[in-house]
Amino acid sequence: MSLPPQGRFEVQDFLRAFLPRRCPGCDGQLGREAGLCAGCRAQLRPRVERYSPLSPRPQGHLVTLGPYRGVTRRAVRALKFGGARELAEVLGAALAAGIPAVWGVRAVVPVPLHPRRERERGFNQSALLAEVVAARLGVPCVPALRRTRATAQQARLHAAERVMNVAGAFQADPRLLPSGPVLLLDDVMTTGSTLLACRDALAGAGVTPVYFAVLAH
Ligand SMILES: [Zn+2]
């Protein structure tokens, strides 16, 4: 007997509830904690970066959990490709704890996924994270950016190509946004060209300053 796709999914969920859950950060057994074990959580330490590709001048405007490796890398991969949405709660909370109050952030804006990618994955991990961070900061999460054209996958391109690939690829809706300051949120930053293209779109909508938060770089 073959089950319809919906039925099969429910059976999987049912079975999963009885299996020992593993921590995606260390592969240890997960107790009552959701998402990550206590030991892995303790390794998520947010910090303000002063040097980044986002500005030629040293200034603190980027919060991150650090380089894309170790627990952070494994947790990000589990969130994106394993669909472990409870990780968005853990990772978003860790990131939010590092946002300086003096920034006076009034809204959190997620970097949009390409609509086709979002359909395939079923969710935009940056939007999930942005909702958690916004709730923690007590400000609205505003999905005010949209992609105006399809772009090639950044991971397959060199740095100079990446800048060209995403330049002018985003548009911001000024009706949804405060005049500033806003926090732009993405999961992973490589060269920063996507974040810069989004910042330009926000600036075009009259939003300044724009601060950045990424889980890893
Ligand atoms: Zn762990």
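Any read-out appearing in this document is the output of simple, stated calculations on the displayed coordinates, not a laboratory observation. For clarity, every value in this text was computed on a predicted model and none was experimentally measured. Methodologically, a virtual Cβ is constructed for each residue, glycine included, from the backbone with ideal geometry; neighbour enumeration extends over all protein chains shown.
Per-residue 3J(HN,Hα) values for segment 177-192, derived from phi via the Karplus relation 6.51 cos²θ - 1.76 cosθ + 1.60 with θ = phi - 60°, read 9, x, 6, x, x, 10, 10, 8, 10, 9, 7, 10, 10, 9, 9, x Hz in sequence order (x marks Gly and Pro). Computed from Cα atoms, the angle from the helix 70-81 axis to the main principal axis of the chain rounds to 80 degrees. Taking a ≥ b ≥ c as the square roots of the eigenvalues of the Cα gyration tensor, segment 73-149 is oblate, since a/c reaches 1.5 or more and a/b is not larger than b/c.
Antiparallel versus total DSSP beta bridges in the chain: what percent is that, nearest 5?
Values: 8 of 22 bridges.
Restricted to the chain, the bridges split so that about 35 percent are antiparallel.
Seen from residue 67, the other residues with C-beta closer than 15 Å to its C-beta sum to a net charge of +4, counting Lys and Arg as +1 and Asp and Glu as -1. Compactness of segment 44-216 is given as radius of gyration and Dmax, 14.7, 40 Å, from Cα positions. Helix 193-204 and the longest principal axis of the C-alpha atoms of the chain enclose an angle of approximately 50°.
Left without a cysteine partner by the 4.7 Å Cβ rule in the chain: 26, 40, 141, 198.
Under 8 Å for C-alpha pairs, at least 6 residues apart: give me the relative contact order for the chain, rounded to a whole percent.
Details: 373 pairs, mean separation 44.1, N = 217.
20 percent.
A simple charge model with +1 on the Cβ of Lys and Arg, -1 on the Cβ of Asp and Glu and nothing else charged puts the dipole of segment 37-186 at about 340 debye relative to its Cα centre.
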